[in-house]
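Undergrad: One structure follows; several queries about it will come next.
Values in this text are rule-based calculations from the coordinates and carry no lab data. These figures come from a predicted structure and were not determined experimentally.
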């Protein structure tokens, strides 16, 4: 088990370095001049040259690359070109909003997609149930998250006025009250702050979660069909075991490996979906920060956001690989 985990960790390191290298060189080939974007079209040639020297963009590309890699490994992404704040501090401020959105949307998708996919697989002999669930999943796959998000805003924010249009709630107040131990001292203020965060989170999580629930449903259906067609399931049924016992005791337990794959892929998809979701709902987070940084040609800010996204996806895949060995010890020796 330990050797397997060490090998997976060693594989993750070059993957991270390779992804960071791609981020660096991809940002350098994007059209547009960051200094021109920062200083405007009326900037003089001398001012632009001073800006280039100040940012170190006049150095050889390999020197910039080595400096970027060394600082990134220390979580130092420099200062924002446009906003002049440290990228690391801004990422730390935006990361909780994105993480909360990913967790909430994942919960929605798993609670909706997983039971739907399993129910469809178990009732595949009933065309009405199977085809209806597959049709709903197909509609979900065909529905872009930005379109569904705009639809939710129009209905629940503009017409019904039930949810806010923009923002992510006062998450900083929630963390500060927890850190300072003021949760029980000022319970009403704490609950009000939590409610404000959840109120702003509801529509984005619903938009992203329901869109991704279709993917979870289709993958869960395929995984369950593969499990229930196995020989040991037929053997359990031939012994006269109750169908509910066969499903819960044998099928669902042996579905854990495909289920972990579903969760790993889903979290990666959810992370990329936050870019559109946070932009549509004007919600703070790494996705919105990335869009703003690319629009402003802000190299350090964009590189920092993409690097953090990459680290999160690689970390999730690493955890999934380790959980494979936990649920199925045979994998550790392969």
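Undergrad: For region 50-129, report the convex hull volume of the alpha-carbon atoms normalised per residue, in Å³, without decimals.
TA: Given the Cα convex hull of region 50-129, per-residue volume reads 184 Å³.
Undergrad: How high is the relative contact order of the chain, in percent, counting Cα pairs under 8 Å that sit 6 or more residues apart?
TA: 29
Undergrad: If you don't mind, another one. Determine the shape class of region 177-334: with a ≥ b ≥ c the square roots of the Cα gyration tensor eigenvalues, call it rounded for a/c under 1.5, and otherwise prolate if a/b is greater than b/c, oblate otherwise.
TA: prolate
Undergrad: Once you order the gyration tensor axes a ≥ b ≥ c over the Cα atoms, which shape class does region 120-218 get: rounded for a/c under 1.5, otherwise prolate or oblate by comparing a/b with b/c?
TA: In terms of gyration-tensor shape, prolate.
Undergrad: Once Rh for the chain is found with the Kirkwood sum over Cα pairs, what is the Stokes-Einstein diffusion coefficient at 20 °C and 1.002 mPa s, in µm²/s?
TA: The diffusion coefficient I find is 93 µm²/s.
Undergrad: Roughly how many Å is it from the Cα centre of region 144-205 to that of region 114-132, as a whole number?
TA: Cα centroid to Cα centroid, the span is 35 Å.
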